[in-house]
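First comes the structure, then the notes that go with it.
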């Protein structure tokens, strides 16, 4: 729960985002400029994001003790946990590219940041940033499948309809929506990337709410999150 809250806070204070020097997230050059102008805040928010993802991974791995028994539901839950952590590792790698983008624009790569090399450094920073965005697409694909399997595994453990089972089914829908959104983007090229980003961010926000609900269930020791014995 702490990891989810932290990553939501860092997203709010990330340069170029909601509160700090807002720019269109699809205008990579403008976003890089804002990140560079707020270098210290960018580094702090990026480190906060990485730490938040570590917290999320640690919390979710606590559910691995539920998967010791045989059965399709336990196998689905086990797959979902592992895939979720892999997806978050990719997100950490993407965050690392943002550290590098700021480093390139601020310090260069061995050649300094004089006016004679600044255009080349800007191009290099743009290439690194674009690589991070490509990694983000991998995160969306893996995390969508992870959400489906994780939600299905937790739903199989539900005993009647309650807020935790609703969150489990909601997580399945989050995964389906995220995967559908990605597939449509890949094959229907007339769709504006901004529409994809809006849907993706909305889906991820709903997924974050589901994770918070799971955290509440784990904290309370609800049967869905406790070993059968």
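Where a number appears in this text, it was derived from the coordinates with a stated rule and is not lab data. From a predicted model like this one, the values you see are computed outputs, not experimental measurements. Note that we place each Cβ from the backbone using ideal geometry, even for glycine, and neighbour counts take in every protein chain shown.
Couple of notes before you dig in:
- Counting only Cα atoms, region 47-175 measures 67, 24, 23 Å along its principal axes, largest extent leading.
- Angle between the chain longest axis and helix 163-187 axis [Cα atoms, degrees, rounded to 10]: 40 degrees
- Calculated over the chain, the projected area of the Cα convex hull averaged across directions stands at 13.7 nm².
- Relative to the globular-protein estimate of 2.2 N^0.38 Å, the Cα radius of gyration of region 1-109 stands at 1.31.
- Note on region 149-193: the alpha carbon radius of gyration divided by the globular reference 2.2 N^0.38 Å gives 1.53.
- Degrees separating the helix 39-61 axis from the principal Cα axis of the chain, which is the longest one: 20 degrees
- Label zone of residue 173 (point 7 Å out along Cα→Cβ, amide N under 19 Å): in region 122-151 this covers 144-151.
- Modelled spin labels at residue 133 and residue 202, positioned 7 Å past Cα toward Cβ, are 2.1 nm from each other.
- Take the Cα radius of gyration of region 109-229 and divide it by 2.2 N^0.38 Å, N being the number of residues; the result is 1.49.
- Rounded FRET efficiency, nearest 0.05, which uses the C-beta distance separating residue 226 from residue 9 and R0 of 35 Å: 0.75
- Working ranking of peptides 127-136, 166-175, 200-209 by packing, defined as the average number of other Cβ atoms within 10 Å per residue, highest first, is 166-175, 200-209, 127-136.
- Using R0 = 22 Å, the C-beta based FRET efficiency linking residue 93 and residue 68 works out to 0.15.
- Computed lengthening from residue 21 to residue 51, 0.36 nm per intervening residue step minus Cα-Cα distance: 8.4 nm
- Between residue 109 and residue 192, full extension at 0.36 nm per residue minus the direct alpha carbon distance yields a gain of 26.4 nm.
- Extension reserve of the residue 39-residue 58 stretch, reckoned as 0.36 nm per residue once the Cα distance is removed: 4.0 nm
- Sorted peptide list for 55-61, 148-154, criterion being average Cβ within 10 angstrom, highest first: 148-154, 55-61
- Estimated 222 nm signal from helices in the chain, with DSSP H stretches of n ≥ 4 weighted -39500 (n - 2.57), rounded to 500: -26500 deg cm²/dmol
- Crossing angle, helix 2-12 versus the chain [Cα axis fit, 0-90 degrees, rounded to tens]: 30 degrees
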